[in-house]
Amino acid sequence: MDWSDYRPTGLRHRDGRCAGGYTLVTPIGGNFVYLLDEDGCIVHGWTVPRFQPGYGYLLPGGRLLVRGQPLVDTEVGVGQPAGKADLLLELDWDSAVIWSWEHETFHHDMCRMPNGNTLVIIWEVMPEELAKRIKGGLTPEQMERVTADPDFMPFLLQGMGVGGRPRLKGMLTDVICEITPEGRIVHTWHAYEHFDPEADMLCSIDLRHEWTHINAVQLTPDGDVLLSSQKLDHILKISWPKGEVLWRWGGLGRLSHPHDPTLTPDGNLLVFDNGSRHPIQARSRVLEVDMKTDRIVWQYCGSPVFSFISLHIAGAERLANGNTLICEGETGRVLEVTPDKEICWEWMNPFKLPFKGCISTMLFRAHRYAADSPELKGMPMRPDTWAKTNAEMGLERNARRTTK
């Protein structure tokens, strides 16, 4: 969680316990998605004219599925959307667009399915009568106090909105849509039908402009879908396309505003618990949960205490060697930790970029791929193409200093 203009960036540590392979990162506010080698140097990248990527992951054959926003000529203010629609692109290894989809309320996450369709998250306006029943959130009197100082809300919202901003008015909830390659919606799952407005309350200090805020959609090996509700502090597993809720976990004393639920090879849940609304003290951690017993079986929270925190974005994934790759999103720090919670690889985003009224080093998520994975096998790496960028950002210099 540290930041200083004088701290080392790029590779800060690597030892023999790391899994190796290549790490995919998307610096928020930039024009590129980068692939890093074990030394934290750029060996490949993707960019599209007039497109600002926000988050992407690799498909087999070196293809990149990437969410982002159109690059607009006017400054995008704090909390504002860019353009009229958010974009989803599929790029080949050389950044050629081979598929695209756009929607004015598409946000946060997407997942390519084995049948070639894609799961996406979009905002929708809740039925008014249902919205009136939702409990929690700031009262009108409290909102008046919060907005009394015209500089306070812009201060709070700086850096927010890396998942795409809504362009709708009213109380918002989410729809999970399965879309065909032609962009036709074939299945939908409406979040408001599966939560209880009486029991699933907003946090007492949240704004009353959206209820569920689904920020992740992930397929399991069995074809079910994992979702995380940031506002309601829950992870759901649902059958697809039927939509039945099969498992639900979280709430007060367990999760607060989580991100990026995935399954480990053992079938446990791995999730980043951002912890921004935990009682007493905001704390972040990564949790592994046995979904059969609902018990936490492993967690990472950093040492020394208070050295690890990301309150509104982040992610984690279990690697083949049993280590865990963690993206501490707000600072742009990516670390690989052993089962004993020791850091064996650490990289800090060196790109300081303008983003919606502030300077950002944020990363929404990071992903690791083996050299012989379906995503990278046979793909040509061109490190010489990135020699100038690596030198300018100090990536090669720091790699030489920290590699063991």
Which numbered condition PRO350 misses (of (1) assigned to a helix (DSSP H, G or I); (2) surrounded by 15 or more Cβ atoms within 10 Å (Cβ to Cβ)): (1)
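Can you say whether PRO383 is exposed (fewer than 15 other Cβ atoms within 10 Å of the Cβ), at pLDDT 95 or above and in contact with a strand residue (DSSP E or B) (Cβ under 9 Å, 6 or more places away or on another chain), as far as the supplied structure shows? Even if it seems obvious, please write down each step before you answer.
Values: exposed (fewer than 15 other Cβ atoms within 10 Å of the Cβ): yes; at pLDDT 95 or above: no; in contact with a strand residue (DSSP E or B) (Cβ under 9 Å, 6 or more places away or on another chain): yes.
Considered against the rule, which asks whether it is exposed (fewer than 15 other Cβ atoms within 10 Å of the Cβ), at pLDDT 95 or above and in contact with a strand residue (DSSP E or B) (Cβ under 9 Å, 6 or more places away or on another chain), PRO383 comes out as no.
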Conditions (1) surrounded by fewer than 19 Cβ atoms within 10 Å (Cβ to Cβ); (2) on the phi > 0 side of the Ramachandran plot; number of the one not met by ASP260: (1)
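For the stretch 290-329, which fully contained strands (runs of 3 or more DSSP E) count at least 2 residues that are buried (at least 22 other Cβ atoms within 10 Å of the Cβ), among the charged types (D, E, K, R) and in contact with a Cys (Cβ under 9 Å, 6 or more places away or on another chain)? It would help to see each step written out before you state the result.
On the way: elements: 295-300, 315-318, 324-328.
Per the criteria, no element qualifies.
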Residues of the stretch 179-189 that turn out to be more than 16 Å from LEU87 (Cα to Cα) and within 23 Å of the chain's Cα centre (by Cα), as a count: 2
Qualifying residue in the stretch 86-96 (condition: among the acidic types (Asp, Glu), free of Cβ contacts under 8 Å to residues at least 24 places away in the same chain and out of contact with any strand residue (DSSP E or B) (no Cβ under 6 Å at 6 or more places or on another chain)): yes
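Would you call GLY56 surrounded by fewer than 23 Cβ atoms within 10 Å (Cβ to Cβ), over 17 Å from LYS352 (Cβ atoms) and not aromatic (Phe, Trp, Tyr)? Spell out the reasoning first.
Details: surrounded by fewer than 23 Cβ atoms within 10 Å (Cβ to Cβ): no; over 17 Å from LYS352 (Cβ atoms): yes; not aromatic (Phe, Trp, Tyr): yes.
Against the criterion (surrounded by fewer than 23 Cβ atoms within 10 Å (Cβ to Cβ), over 17 Å from LYS352 (Cβ atoms) and not aromatic (Phe, Trp, Tyr)), GLY56 does not qualify.
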Residue that is nearest to the chain's Cα centre (by Cα) [pool: residues in the stretch 16-75 that are polar (S, T, N, Q) and in a loop (DSSP other than H, G, I, E, B)]: ASN31
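The values are calculated or read from the model by the stated rules, or taken from the named source; none is laboratory data. Since the structure is predicted, the reported quantities are computational estimates derived from the model, not experimental observations. Note that we place each Cβ from the backbone using ideal geometry, even for glycine, and neighbour counts take in every protein chain shown.
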